[in-house]
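First the structure, in the form of structure tokens, and then the observations on it.
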Amino acid sequence: MNKLNLGCGKDIRKGFANVDFIDFGKDVIKADLEKKLPFEDNTFDYVLMHDIYEHIENHIQLMEEVWRICKPYAIVDINSPHFASLSTYFCPFHYRGVSKEYFMFFGKNGYTLNYPLKCEYKLLSSKIILRNFPKFMERLANKYSGFYECSLCYMIRPSYVKAKLEVRKENGGKNKWL
């Protein structure tokens, strides 16, 4: 299995291609995540993106690049601060947080609004994570996420969103819109 740890920072993992824009040494491939990634099409089965998505200004470009370098049905595992998380605001290198439903935008039946994306993902799971709160509150925030994100999330602050996506490719890796 070809695995990629994108935006690894100091979390350098064995068995992964570890990539970051900072040079952390010989075990890390240095690459600008805002540009074309230095990998061939259909290379990876699994991509880990923990605590990097919020640092990227152009999410669409990144998701299109990840899609390009992934094999069909590859899994993309993302952890990113929720838009109401304090960490979204206190770090000057964070561009934005995400909602529980954010990654549906990249799906075939999601909120694409006919935007001509070069990628397609199936959202397998998405979960709001509340740290320092009882688990029942996290379960309620996820069950009633629309209500929670519209009215309660700035009082009961979430930490991050954990999402798992599956890469969808048809027509030999070409998206139907292109």
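Derivation of every value follows stated rules applied to the coordinates shown; laboratory data play no part. Owing to the predicted nature of the structure, the values given are computational and were not obtained by experimental measurement. No Cβ is skipped: glycine too gets one built from the backbone with ideal geometry, and neighbour counts run over all protein chains shown.
Numerical summary
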{"read-out": "Long-range amide H partners of TYR121 with built H, under 5 Å", "value": "GLY107, LYS108, ARG168"}
{"read-out": "For region 53-64, 3J(HN,Hα) per residue [Karplus equation, 6.51 cos²θ - 1.76 cosθ + 1.60, θ = phi - 60°, Hz, x = Gly/Pro]", "value": "4, 5, 8, 9, 6, 10, 5, 5, 4, 5, 5, 5"}
{"read-out": "Structure-derived Rg and Dmax of the Cα atoms in Å - corresponding label in (i) 21.1, 66; (ii) 17.2, 54; (iii) 16.5, 47", "value": "(iii)"}
{"read-out": "Region 3-173 - charge dipole about Cα centre, Lys and Arg +1 at Cβ, Asp and Glu -1, debye rounded to 20", "value": "580 debye"}
{"read-out": "Under 19 Å from the Cα of LYS14 - aspartates and glutamates, other chains or at least 8 residues apart", "value": "ASP23, ASP27, ASP45, ASP51, ASP77"}
{"read-out": "Protection proxy ranking, peptides 39-50, 94-105, average beta carbon neighbours within 10 Å, highest first", "value": "94-105, 39-50"}
{"read-out": "Partner lysines for LYS143 [C-alpha distance under 19 Å; skip if fewer than 8 residues away on the same chain]", "value": "LYS100, LYS127, LYS135, LYS162, LYS164"}
{"read-out": "Ellipticity estimate at 222 nm from DSSP helix runs (n ≥ 4, -39,500 (n - 2.57)) divided over the chain, nearest 500", "value": "-4000 deg cm²/dmol"}
{"read-out": "Under Karplus coefficients 6.51, -1.76 and 1.60, residue-wise ³J(HN,Hα) of region 75-85 in Hz, glycine/proline x", "value": "9, 10, 10, 10, 10, 9, x, 5, 4, 9, 5"}
